[in-house]
Amino acid sequence: MGRPPRSFPAATIAHAVNRAVDRRLIFHKRGDYQAFVDLLEEGRRKTLVDVLGYCVMPNHWHLVLRASVDDGISQYMKWLTATHVLRYRTYHETLGLGHLYQGRFRTNVIEHDAEFLTVLCYVEANAAKAGLVKQAEDWEWSSAYERTTGVRRITAPLPVILPHNWGKLLNPNWPEPEDR
């Protein structure tokens, strides 16, 4: 018997994350990242959720979502992960070779504006904190990049106004990125 779906009423905001089995790389090259970001754009048109923030990392990803309809987050995440796995396995010619993700996505419901800003900052600063880039806004596979450059239209308007020092909050003095 399958697990019961998690219940997220309309307007619920949640931080969702999923990681690859054994922390293996999911995103090996630029095209892998682009395919996932394209999937986020495709999913936006389903109108189940608003994507408020995201960061796609080499072996995991973070999303900040707001349910547009009751249980929209669960429906969207089911579609997103199943579609990503099928397309990934098809492209890499590994269909039938088992799980890509370590399990079902994890979520934390966000209940207050201050908590929302903390989580969004954590998500958008993820690549800089990991040393993949010097500035969070430089990570092409994140909403920080999208907000700074205007490239892509995945994210919806935020429920709160970002502080004027948002860039400084995202980049407090992370270690220099390694040459990769």
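In table form, for the structure just shown:
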item: Lysine pairs with alpha-carbon atoms under 22 Å apart, the range 13-170, spacing 8 or more or separate chains; result: 5
item: In Å, descending, principal axis extents of the Cα set of the range 13-170; result: 48, 38, 26
item: At most 11 other Cβ within 10 Å, DSSP loop - trypsin sites (Lys or Arg not before Pro), the range 111-178; result: Arg153
item: DSSP loop GluC sites (Glu not before Pro) with at most 12 other Cβ within 10 Å excluded, longest remaining stretch of the chain; result: 1-92
item: Length-normalised contact order for the range 13-170 - Cα pairs under 8 Å, 6+ apart - percent; result: 31
item: In the range 34-82, the trypsin sites (Lys or Arg not before Pro) that fall in loop regions by DSSP, at most 11 other Cβ within 10 Å; result: Arg45
item: Point-charge dipole on Cβ atoms (K/R +1, D/E -1) for the chain, about Cα centre, debye to 20; result: 480
item: Mean ellipticity per residue at 222 nm, deg cm²/dmol - from DSSP H runs of n ≥ 4 across the chain, formula -39500 (n - 2.57); result: -11000 deg cm²/dmol
item: Residue among His62, His84, His99 with the largest mean-square fluctuation in a Gaussian network model of the chain, springs linking Cα atoms under 10 Å; result: His99
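Laboratory data are not the source of any read-out in this text; all were calculated from the coordinates shown. Quick caveat: nothing in here was measured; it's all calculated off a predicted structure. Heads up, the Cβs are rebuilt from the backbone with ideal geometry, glycines too, and the neighbour counts pull from every protein chain shown.
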